[in-house]
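Novice: Here it is: the structure, laid out below.
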Amino acid sequence: MNKLYFSALALLASAAPALAQDAQRLAPVTGMETTTPITHRACGTMEVLAAQLAADPAQAQRMARIEAQTQQLLANPALQRSTAGTVIIPVVVHVLYNTAAQNISDAQVQSQIAVLNEDYQKLNADYTKTPGIYAGLVANVNVQFVLAKRTPTGAATTGIIHKATKTSSWSTNDAVKNSKRGGDDAWDATKYLNLWACNLGQGLLGYAQFPGGSASTDGVVILYSAFGSRAKYAAGTYTSTYDLGRTATHEVGHWLNLRHIWGDDSGACTGSDQVADTPNQGAENYGCPAFPHVSCSNSGDMSMNYMDYTDDACMYMFSTGQSQRMNALFAAGGARVGLLTSPGGTAPRTLATSSAASFYPNPAADVLTLDLPRGADAARYAVRVYDLTGHEMTQVRYDGRGQMRVSDLPKGLYYVTIGTGAEVSRQRFEKE
Ligand SMILES: [Zn+2]
């Protein structure tokens, strides 16, 4: 919007009125057997944000810091990440299913990844429909999504998890992200984008968590039948006009810190999306509006923007300002900069048995000693320890000479990876 940006706190406060109005949506859904019919696009992101801010006041401070850094970067072009380099984001898709129809195929999942790659790299054919006054703003965000090839603990993976669940319908209470509540735990959110495809209820197509939220719930949830693209994989399971994969494009936009384009002010013309080159807009647009739809004395809502509420076929662009805002997360110190060094998108290669590196003793209490192939240079090996959920343990450090002290590690089971470059062996280890 063309207004000077609000303070971050004002922005966060703007989410509060939605809390009361949508409290009903946040109630856990149990025993619901049928999918709520989707009559228009609805995204639960702002309601989830309001609930999270109410539960954890520190989150507002974390988000305010991210906002301050974002605004600083936007004001100093020299500090912005060069858009010459494409950011590659490893993705894990958790498919939770209670019926066969909900267990969408790998091909349907892959069609969704393909849509994200088109939309975030301005490779979607329909961006040319953008009205002339906004055509010059259509941005290549320069982000590429790849299904993970390596799990957080270094094992090979397709990046797609299919998991049966007794839960027939999910709400925005994040149970879907928790194995103990019938869902599936997030992978390390600093290294992966977590997507959950499930039978999301409450009439919602999806919801996302903004940067600054809890790592255990970081990611995007999408209704299974709005996941993927009928145009790319016709044999999938799809719902009405939300069948081209744009729900994920919209929700990942939130995950990359974009706000709704109308500023979530219910038509007041006072809210902001914190982006300078998008027009001020009253309320959300539904369906497929003819251009121009004028509100707040603008030249026409940018209703074809992915961050509006239009049908999949009628949204086809991010603006340059939105791209800069998203890319600020990947600058030095940015909230999602860890993705730039994630190994998740690279397949692991296990050493041949004859040359495999191992270690002893196991279990161990104090020191692990590497057992390397004859003549190997211990300094060339990188050694890392992960817990069973894939978080790297910072209490241990390899000395580069064949020994690793584990005495500070809590007791329990871990994975140890030992490798030189692309060749990595991975073994379980017990700290006693
Ligand atoms: Zn949204």
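Novice: Is it the case that Q72 is modelled with pLDDT under 95, within 23 Å of F145 (Cα to Cα) and either out of contact with any helix residue (DSSP H, G or I) (no Cβ under 9 Å at 6 or more places or on another chain) or surrounded by fewer than 19 Cβ atoms within 10 Å (Cβ to Cβ) (or both)?
Specialist: Against the criterion (modelled with pLDDT under 95, within 23 Å of F145 (Cα to Cα) and either out of contact with any helix residue (DSSP H, G or I) (no Cβ under 9 Å at 6 or more places or on another chain) or surrounded by fewer than 19 Cβ atoms within 10 Å (Cβ to Cβ) (or both)), Q72 does not qualify.
Novice: Considering only the stretch 255-263, I want to know if a residue exists there that is buried (at least 20 other Cβ atoms within 10 Å of the Cβ) and more than 13 Å from the ligand (Cβ to nearest atom).
Specialist: No, the stretch 255-263 has no match at all.
Novice: Something else: I'd like the full set of residues that are assigned to a strand (DSSP E or B) and more than 18 Å from the chain's Cα centre (by Cα), limited to the stretch 87-108.
Specialist: Of everything in the stretch 87-108, just one residue is assigned to a strand (DSSP E or B) and more than 18 Å from the chain's Cα centre (by Cα), namely Y97.
Novice: Say whether the condition of being more than 20 Å from L256 (Cβ to Cβ) and in contact with a Phe, Trp or Tyr (Cβ under 8 Å, 6 or more places away or on another chain) is met by at least one residue in the stretch 73-81.
Specialist: No: the stretch 73-81 contains no residue that is more than 20 Å from L256 (Cβ to Cβ) and in contact with a Phe, Trp or Tyr (Cβ under 8 Å, 6 or more places away or on another chain).
Novice: Among the residues in the stretch 188-202, are any closer than 18 Å to W255 by Cα, out of contact with any helix residue (DSSP H, G or I) (no Cβ under 9 Å at 6 or more places or on another chain), in the same structural domain as L147 (by TED's automatic domain parsing) and in a loop (DSSP other than H, G, I, E, B)?
Specialist: No, the stretch 188-202 has no match at all.
Novice: Look at D308 and say whether it is assigned by TED's automatic domain parsing to the domain that holds T99, farther than 30 Å from Y97 by Cβ and within 13 Å of the ligand (Cβ to nearest atom).
Specialist: yes
Novice: So, one more: Does V92 count as in contact (Cβ under 8 Å) with a residue 24 or more places away in the chain and touching an Asp or Glu at 6+ places or on another chain (Cβ under 9 Å)?
Specialist: No.
Novice: Being more than 28 Å from R246 (Cβ to Cβ), in a loop (DSSP other than H, G, I, E, B) and modelled with pLDDT of 50 or more, is that true of even one residue in the stretch 28-42?
Specialist: Checked against the condition, which is being more than 28 Å from R246 (Cβ to Cβ), in a loop (DSSP other than H, G, I, E, B) and modelled with pLDDT of 50 or more, the stretch 28-42 yields no hits at all.
Novice: Across the stretch 315-333, which residue is nearest to V115 (Cα to Cα) among those that are among the hydrophobic types (A, V, I, L, M, F, W, C) and surrounded by fewer than 20 Cβ atoms within 10 Å (Cβ to Cβ)?
Specialist: Taking the candidates together, the pick is A331.
Novice: Taking only the stretch 164-178 into account, find how many residues are exposed (fewer than 15 other Cβ atoms within 10 Å of the Cβ) and either among the acidic types (D, E) or touching a strand residue (DSSP E or B) at 6+ places or on another chain (Cβ under 9 Å) (or both).
Specialist: 1
Novice: What's the number of the only condition in (1) more than 22 Å from M63 (Cβ to Cβ); (2) buried (at least 23 other Cβ atoms within 10 Å of the Cβ); (3) away from the ligand (no atom under 12 Å from the Cβ) that T278 fails to meet?
Specialist: Tallying (1) more than 22 Å from M63 (Cβ to Cβ); (2) buried (at least 23 other Cβ atoms within 10 Å of the Cβ); (3) away from the ligand (no atom under 12 Å from the Cβ), T278 fails exactly one: (1).
Novice: Since S111 meets every condition but one in (1) buried (at least 22 other Cβ atoms within 10 Å of the Cβ); (2) outside any helix (DSSP H, G or I), which condition does it not meet?
Specialist: (2) is the only condition that S111 fails.
Novice: Please indicate, with yes or no, whether at least one residue in the stretch 238-253 is within 14 Å of the ligand (Cβ to nearest atom), assigned by TED's automatic domain parsing to the domain that holds D126 and small (G, A, S).
Specialist: Yes, the stretch 238-253 contains a residue that is within 14 Å of the ligand (Cβ to nearest atom), assigned by TED's automatic domain parsing to the domain that holds D126 and small (G, A, S).
Novice: Can I ask one more? Identify all residues within the stretch 228-280 that are assigned to a loop (DSSP other than H, G, I, E, B), of a type in the set (V, I, T) and within 18 Å of C314 (Cβ to Cβ); write none if there are none.
Specialist: Matches in the stretch 228-280: T239, T241, I261, T278.
Novice: Residues to consider are D218, D273; find the one that is surrounded by 24 or more Cβ atoms within 10 Å (Cβ to Cβ) and among the charged types (D, E, K, R).
Specialist: When all the criteria are applied, what remains is D273.
Novice: Surrounded by fewer than 13 Cβ atoms within 10 Å (Cβ to Cβ) and modelled with pLDDT of 95 or more: is that true of A50 in this structure?
Specialist: no
Novice: Any residue at all in the stretch 288-299 that is within 16 Å of the ligand (Cβ to nearest atom) and aliphatic (A, V, I, L, M)?
Specialist: Among the residues of the stretch 288-299, not one is within 16 Å of the ligand (Cβ to nearest atom) and aliphatic (A, V, I, L, M), which makes the answer no.
The values are calculated or read from the model by the stated rules, or taken from the named source; none is laboratory data. Because the structure is a prediction, the values reported are computed rather than measured. Quick reminder, even Gly has a Cβ in these numbers, built from the backbone with ideal geometry, and neighbours come from all protein chains shown.
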